[in-house]
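The values are calculated or read from the model by the stated rules, or taken from the named source; none is laboratory data. Since this is a predicted model, take the numbers as computed values, not measurements. A quick note on method: Cβ atoms are made from the backbone with ideal geometry, for glycine too, and the neighbour counts reach across all protein chains shown. The protein model used for the area step is the full one, side chains on, heavy atoms only, and it has no ligands, DNA or RNA in it. Shrake-Rupley method; radii C 1.70, N 1.55, O 1.52, S 1.80 Å.
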Amino acid sequence: MTASAPATPATPASPTASSSPTASSSSIEAFVEEASAFLDEHATRRPTGTARVVWGEGEDRISYFGDEPPEVDKAKVDAARAWQRTRHEHGFGWITGPTEYGGRALSPLHDLVYDQLEAGYDVPDTGVISLIGLGMIGPTILAHAREEIKQRYLPAMFRGDAIACQLFSEPGAGSDLANVATRAVRDGEEWVLNGQKVWTSVAHHAELGMAVCRSDPSQPKHRGITAFLVDMSLPGVEVRPLRQMTGGAEFNEVFLTDVRVPDDHRLGEVDDGWRVTMTTLMSERASVGGEGAGPVERAVSRSYLTAMLEAMGLSRDAAARRRLAEVLADLTATGYLNQQSLRTLLDGRAPGPEASASKLMFSHNLAAASHLAAEMVGPRMIAETGDWGTFSWNELLLGTPALRILGGTEEIMKNIIGERVLGLPKEPGTDTKAPFRAPTGEQS
Amino acid sequence: MTVTTTAIAGAEELEDLRLSVRSLLADKSDESRVREVMESDLGYDASVWRQLADQVGVQSLAVPEHHGGAGFGQVELGVALRELGRALVPGPFFSSVVLGAGALLAAQDESAMAAHLPGIAAGTTLATLAVIETDGQWRTHGFTTRAREDGEASWTLDGEKSLVLDAVGADLYVVAADTPHGPGLFLVESGAAGLEVTGLRALDPTRRVGRLTLTGTPAAALGRPGNGTAALEHLLDRATAALAAEQVGAARACLEMSVAYARQRVQFGRPIGSFQAVKHMCADMFTRLEVAEAAATEAARAVDGLPDAPPAGEAAAVAHAVCSEAFMFIAQQTIQVHGGIGFTWEHPAHLYFRRAKVSQLMFGGPAVYYERLLERWGV
Ligand SMILES: Cc1cc2nc3c(=O)[nH]c(=O)nc-3n(C[C@H](O)[C@H](O)[C@H](O)COP(=O)(O)OP(=O)(O)OC[C@H]3O[C@@H](n4cnc5c(N)ncnc54)[C@H](O)[C@@H]3O)c2cc1C
């Protein structure tokens with residue numbers, strides 16, 4: 001997970017406060033002025049009209065997951081940290097956060113306005129810091145950590161000094177996260193962690209991890225779980241990169257061997273880690289589906305795809321037109337859905353269950369657009385011919401399967417919709433009441 | 001050409017409107033009543049029609065105030081249409097209030113509006129629109145029906161119009177015909193000389209369809225002859241935005257029906273909704289419906305010209321495609337969730353299935369609406 005998760009690429013609302021329905025207060029205007037001055041001073045404005053794609057112009061790499069060599073990857077992360085630090089120093093690092101931890105205590109509207117403004121500038125992509133760390137672990141720390149821990153880590157995270165990762169999944173605990181087997185055993189004022197985590201995005205850059213561990217195997221599986229913040233530099237933490245199908249290595253295996261974590265790094269109560277974990281997962285589901293202004297949004301857009309139709313000589317091809325229209329209809333309507341959720345949020349009302357629909361549509365739309373693009377490109381997708389906007393689609397195409405898996409698989413999302421939104425009965429679970437037993441082999 | 005909306009209802013007013021339409025329909029137009037009237041000669045319940053007009057004023061919602069309406073827009077009309085779609089209420093609502101009034105508004109003909117909108121708004125005049133001809137294609141130009149100018153503002157029409165909604169029983173027909181100046185819209189009153197109206201056997205018994213034969217039939221020009229294509233295109237935005245509201249209202253009824261059944265029907269010792277195959281069918285219906293709902297809402301806002309809405313041509317075309325597909329999908333899955341009972345005449349699922357197919361095809365069908373979407377974007 002290293003890029004923002006847009007659901008309506010490329011027709012960005014104009015980056016002004018006036019495009020937001022409730023942006024009438026003068027404080028918003030003052031904020032816009034302050035933010036614009038900051039951005040003008042520290043970043044370059046993108047030439048206007050970049051939303052309109054001119055075929056053959058500009059960067060043609062389109063990837064959701066990078067596959068750069070480690071030096072390039074590292075340089076990008078450094079740039080992300082530097083930009084986050086600059087934001088933070090000028091009061092834009094944590095716009096909605098409490099002031100005692102370095103935030104500005106402003107409204108979500110301010111946050112949104114800032115994002116819209118920043119989308120008009122060329123700035124480093126900070127997804128490596130923000131998506132998991134700031135977006136998911138930050139809110140969890142705020143809700144469940146002790147005061148000293150909040151003071152110690154939150155400012156560092158929002159300054160870009162501490163990247164956080166999510167040490168949740170294990171070989172035996174994916175969709176069934178409550179099946180985690182990594183053991184946490186209390187030893188005085190410390191806990192000793194032993195186990196293996198897997199698919200951990202950004203762990204190779206992270207200073208901090210949130211680990212979900214088994215503290216009491218004699219309780220049913222949802223009960224005996226405790227969550228910890230883990231300093232990734234502690235002895236016994238070993239991060240091994242995993243290469244994903246796109247070719248790059250952005251997720252990892254993390255081995256925890258006798259890692260000693262102080263008790264004050266515990267999140268929430270002992271054995272109450274499932275509730276803490278829910279805080280994180282809810283933030284994850286809420287964050288998927290926002291809008292961004294990166295290369296993916298630019299490519300998965302009406303402007304790009306219609307320019308492609310023409311460039312590939314398919315303007316009069318009835319079959320290609322029909323498929324394009326189907327993809328664009330869904331893409332545009334999903335954009336409307338997100339706009340409406342945003343309006344709901346800005347009106348101070350709680351968003352409804354539409355966010356789960358948005359997540360499913362997002363992965364559907366990206367896959368549909370990638371396969372359509374591949375179809376329009378034709379055989380030039382199979383090798384690098386040097387033609388702009390052709391082979392470059394392979395990175396996005398290869399990234400799309402992950403979108404149906406990460407952050408809760410499609411099937412799990414449908415279970416959630418069926419059970420929590422529509423009120424359908426759960427499947428009779430066979431293992432929710434019985435005491436957790438550590439998996440002895442392949443199956444538990 | 002935007003039709004300005006003078007009044008905008010707040011969230012509370014919209015909710016009040018929804019509740020009053022819903023309770024009236026629950027009371028007076030439940031499923032058994034719908035089945036009764038759909039098989040009657042008239043095809044709808046005249047007293048429900050009157051109560052919708054007199055008690056709630058549904059027919060007048062989107063008619064401008066100076067023409068006897070409430071002066072609201074598509075957003076408010078959409079609330080009522082969702083309820084009418086949900087209950088599959090038979091009657092000339094879509095034909096008269098959406099297409100008839102919509103055509104008068106789209107043509108921007110002041111004197112025709114003054115003459116006919118108050119009657120439509122009161123529910124006393126039933127208007128409808130006749131565009132499609134014997135080849136069954138929806139088009140906005142190139143009609144075989146011809147209009148001949150007979151003298152000062154007086155015309156006669158010759159031709160045949162097919163697939164006209166609620167043709168039998170209408171008081172006023174808006175007829176598209178070619179003129180020497182290009183396509184135009186014309187008003188023909190019921191009982192006019194040389195007008196023959198026949199009912200056709202319809203796929204959806206809650207939505208009547210007929211045919212018009214015009215032989216030297218006297219007509220009045222609606223708007224400037226030659227302006228018909230522009231007026232029809234504009235009308236199409238309003239009409240498909242309205243249809244989208246009706247589609248999502250009906251689709252939501254299908255989803256609710258399916259979920260209720262999946263919770264209660266037991267097989268293999270457990271409710272079928274606990275089986276993932278069924279649960280996921282419902283989740284897919286929900287997802288498509290959420291997107292369709294968003295598209296319908298945005299289309300209404302766009303047609304009303306709300307400041308942060310997308311262009312009406314885009315939003316209406318998106319909504320027509322997305323809501324047509326979603327409703328058809330949901331109507332099919334509803335039968336699947338119900339199993340054999342869903343395939344019976346007694347179960348309402350087939351009525352929704354029929355409505356879904358008719359709605360999907362009445363303005364041309366998938367090939368037409370996807371192509372129209374690209375055209376709206378200049379592709
Ligand atoms: C790119 C990427 C980044 C990731 N980043 C992180 C990270 O940073 N931190 C982290 O902790 N994890 C991360 N993950 C892991 C991710 O959360 C899991 O892969 C995911 O939850 C699925 O678990 P699994 O891989 O074990 O698959 P499984 O759970 O074994 O699923 C296999 C298949 O079975 C289906 N299935 C399983 N249970 C059910 C059920 N109850 N009903 C129906 N179908 C079911 C699934 O839908 C899937 O199709 C990442 C994954 C990817 C792909």
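So, in Å, what gap is there between the alpha-carbon centers of region A:293-322 and region B:187-246?
Result: 37 Å between the Cα centres.
Say each of B:Ser47 and B:Asp135 gets a label point 7 Å from the Cα, pointing the same way as Cα to Cβ; how far apart are those two points in nm?
4.7 nm
Quick one: divide the alpha-carbon radius of gyration of region A:295-406 by 2.2 N^0.38 Å and tell me what you get.
Working: Rg = 15.8 Å, N = 112, 2.2 N^0.38 = 13.2 Å.
Compared with the compact-globule rule of thumb, region A:295-406 sits at 1.19.
Tilt of helix A:26-42 relative to the longest C-alpha principal axis of chain A, in degrees (0 to 90, nearest 10)?
Approximately 80 degrees, to the nearest 10.
Return one number: the angle in degrees, 0 to 90 and rounded to the nearest 10, between the long axis of the Cα atoms of helix A:108-118 and the longest principal axis of the Cα atoms of chain A.
So the inclination is approximately 50 degrees.
Answer rounded, prolate or oblate for region B:321-361, using the Cα gyration tensor with square roots of eigenvalues a ≥ b ≥ c: rounded when a/c is under 1.5, else prolate when a/b is larger than b/c, else oblate. Each step should come with its number before you reach the end.
Values: a/c = 3.99, a/b = 1.81, b/c = 2.20.
It is oblate, given that a/c is not under 1.5 and a/b is not larger than b/c.
Run the simple label-point estimate for A:Asp263 and B:Ser154 please: 7 Å along Cα→C-beta, distance reported in nm.
10.3 nm
Which part of region A:229-244 falls in the paramagnetic zone of A:Arg146, meaning amide N under 14 Å from the point 7 Å along Cα-to-beta-carbon?
Residues passing the 14 Å test: A:229.
So what are the radius of gyration and Dmax for the Cα set of chain A, in Å?
Computed over the Cα atoms of chain A, radius of gyration and Dmax are 22.5, 74 Å.
By its C-alpha gyration tensor, with a ≥ b ≥ c as the square roots of the eigenvalues, how is the protein assembly as shown shaped: rounded for a/c under 1.5, else prolate for a/b larger than b/c, else oblate?
On the way: a/c = 2.26, a/b = 1.80, b/c = 1.26.
In terms of gyration-tensor shape, prolate.
By DSSP, what percent of the beta bridges with both residues in region A:165-282 are antiparallel, rounded to the nearest 5? Show your work: numbers first, answer last.
Details: 30 of 35 bridges.
Looking only at bridges with both residues in region A:165-282, the antiparallel portion is about 85 percent.
Roughly how big is the A-B contact, given as buried accessible area in Å² (both sides, 1.4 Å probe, nearest 100)?
On the way: alone 20740 and 15780 Å², together 33170 Å².
When A and B are taken together, about 3300 Å² of accessible area is lost.
Only counting protein heavy atoms at a 1.4 Å probe, give the residues of region B:217-265, ordered by number, whose accessible area falls by 20 Å² or more when the other protein chains are present relative to the chain alone.
The answer is B:Val259, B:Arg263.
Quote the relative contact order of region A:295-406 in percent (integer), defining contacts as alpha-carbon pairs under 8 Å separated by 6+ residues. Kindly include the intermediate steps, with their values, before the conclusion.
Working: 77 pairs, mean separation 27.6, N = 112.
Once divided by the residue count of region A:295-406, the mean separation gives 25 percent.
Roughly what angle does helix A:147-158 make with the longest principal axis of chain A, taking Cα atoms, 0 to 90 degrees, to the nearest 10?
The two axes meet at around 20 degrees.
Run the accessible area of region A:207-263 with a 1.4 Å probe and give the carbon-and-sulfur part as a rounded percent.
It is 52 percent, rounded to a whole number.
Looking at the protein assembly as shown only, what percent of DSSP beta bridges run antiparallel? Nearest 5 please.
Working: 65 of 76 bridges.
So the antiparallel bridges amount to about 85 percent of the total.
Got the relative contact order for chain B handy, in percent, Cα pairs under 8 Å and 6 or more residues apart? Please list the in-between numbers first.
Working: 743 pairs, mean separation 58.5, N = 379.
It rounds to 15 percent for chain B.
Using 0.36 nm per residue, how much length does the chain from A:Ile382 to A:Glu100 gain when fully extended, once their Cα-Cα distance is taken away?
Numbers: separation 282, 0.36 × 282 = 101.52 nm, distance 5.39 nm.
Taking A:Ile382 through A:Glu100 to full extension adds about 96.1 nm, to one decimal.
Can you give me the solvent accessible area of A:His42 with a 1.4 Å probe, rounded to the nearest 10 Å²?
It works out to around 70 Å².
For region A:165-282, with every protein chain kept in place, what is the accessible area per residue (1.4 Å probe, Å²)?
It amounts to 38 Å² per residue over region A:165-282.
Using a Gaussian network for chain B with springs between C-alpha atoms less than 10 Å apart, which of these wobbles most: B:Thr240, B:Thr217, B:Thr134?
Evaluated over chain B, the most mobile residue of the options is B:Thr134.
So which of A:Lys221/A:Lys426; A:Lys221/A:Lys414; A:Lys359/B:Lys279; A:Lys359/A:Lys426 end up more than 24 Å apart, counting from Cα to Cα?
Values: A:Lys221/A:Lys426 17 Å; A:Lys221/A:Lys414 22 Å; A:Lys359/B:Lys279 18 Å; A:Lys359/A:Lys426 21 Å.
Cα-Cα > 24 Å for no pair; all within.
Give me the orientation-averaged projected area of the Cα convex hull of region A:165-282, in nm², one decimal. Can you show the working numbers first?
Working: hull surface 28.0 nm².
Here the figure is 7.0 nm², rounded to one decimal.
Once you have a ≥ b ≥ c as the square roots of the Cα gyration tensor eigenvalues for chain B, tell me rounded if a/c is under 1.5, and otherwise prolate or oblate according to whether a/b is larger than b/c.
Details: a/c = 1.71, a/b = 1.63, b/c = 1.05.
Taking the square roots of the gyration eigenvalues as a ≥ b ≥ c, chain B is prolate.
As a test, work out the antiparallel percent of DSSP beta bridges whose residues both lie in chain A, rounded to the nearest 5. Kindly include the intermediate steps, with their values, before the conclusion.
Working: 33 of 39 bridges.
That works out to approximately 85 percent antiparallel.
Select from region B:181-250 those trypsin sites (Lys or Arg not before Pro) which occupy a DSSP coil region and have at most 12 other Cβ atoms within 10 Å, ordered by residue number. Kindly include the intermediate steps, with their values, before the conclusion.
Working: sites: B:Arg201, B:Arg207, B:Arg208, B:Arg211, B:Arg238; in loops: B:Arg201, B:Arg207, B:Arg208.
The qualifying sites are B:Arg201.
In nm, what is the difference between 0.36 nm times the number of residues separating B:Leu203 and B:Glu189 and their Cα-Cα distance?
Details: separation 14, 0.36 × 14 = 5.04 nm, distance 2.68 nm.
Full-extension gain reported as 2.4 nm.
Quick check: pseudo-label points 7 Å beyond the Cα along Cα→Cβ at A:Glu68 and B:Glu256, how many nm apart are they?
5.3 nm
Out of the total accessible area of region A:295-406 (probe 1.4 Å, heavy atoms of protein only), what percent is carbon and sulfur?
Working: 2470 of 4240 Å².
Ligands and nucleic acids excluded, carbon and sulfur reach 58 percent.
If I take R0 = 25 Å and measure r between the Cβ atoms of B:Gln336 and B:Ser32 in this structure, what FRET efficiency does the formula 1/(1 + (r/R0)^6) give, to the nearest 0.05?
With R0 = 25 Å, the Cβ-Cβ based efficiency is 0.50.
How about region B:21-88: which GluC sites (Glu not before Pro) there lie in a loop by DSSP and see at most 16 other Cβ atoms within 10 Å? The partial results should precede the final answer.
Values: sites: B:Glu31, B:Glu36, B:Glu39, B:Glu65, B:Glu76, B:Glu83; in loops: B:Glu39.
Within region B:21-88, the qualifying GluC sites (Glu not before Pro) (loop, at most 16 other Cβ atoms within 10 Å) are B:Glu39.
Show A:Arg159, A:Arg349 ordered by accessible area, largest first, where the area counts protein heavy atoms only and the probe is 1.4 Å.
On the way: A:Arg159 85, A:Arg349 130 Å².
So, going from the largest accessible area down, we get A:Arg349, A:Arg159.
Among the helices of chain B (complete DSSP H runs), which have Cα atoms covering no less than 30 Å along the helix axis and a Kyte-Doolittle mean of at least -0.5? Each step should come with its number before you reach the end.
Values: long enough: B:228-264 (53 Å, 0.31); B:276-303 (40 Å, 0.24); B:312-338 (38 Å, 0.75).
Within chain B the helices that satisfy the rule are B:228-264, B:276-303, B:312-338.
Pairs of Cα atoms under 8 Å, at least six residues apart: use those to get the relative contact order of chain A, whole percent. Spell out each step's value before the answer.
On the way: 770 pairs, mean separation 92.4, N = 444.
Relative CO of chain A lands at 21 percent.
Rolling a 1.4 angstrom probe over the protein heavy atoms, how many square angstrom per residue are accessible across chain B? Mind dumping the intermediate values first?
On the way: 14130 Å² over 379 residues.
Roughly 37 Å² per residue, with all protein chains present.
Starting from the residue with the highest accessible area, list A:Trp393, A:Trp199 in decreasing order, probe 1.4 Å. Mind showing how you got there, number by number?
Working: A:Trp393 0, A:Trp199 145 Å².
Largest to smallest exposure gives the sequence A:Trp199, A:Trp393.
Over region A:105-177, what percent of the accessible surface lies on carbon and sulfur atoms, probe 1.4 Å?
Working: 1260 of 2450 Å².
With neighbouring chains kept in place, the figure for region A:105-177 is 51 percent.
So which residues of region A:329-373 lose at least 30 Å² of accessible area, probe 1.4 Å, when you go from the chain by itself to every protein chain present?
Correct list: A:Ala329, A:Asp330, A:Thr332, A:Ala333, A:Tyr336, A:Leu337, A:Gln340, A:Arg343, A:Ala357, A:Met361.
Considering only protein heavy atoms, what per residue accessible area in square angstrom results for region A:295-406 with a 1.4 angstrom probe? Don't jump to the answer; show the numbers that get you there.
On the way: 4240 Å² over 112 residues.
Heavy-atom accessible area per residue stands at 38 Å².
How big is Rg to Rh over region A:123-196, alpha-carbon atoms, Rh as the Kirkwood inverse-mean-distance radius? Mind showing how you got there, number by number?
On the way: Rg = 14.7 Å, Rh = 14.2 Å.
Ratio of gyration radius to Kirkwood radius: 1.03.
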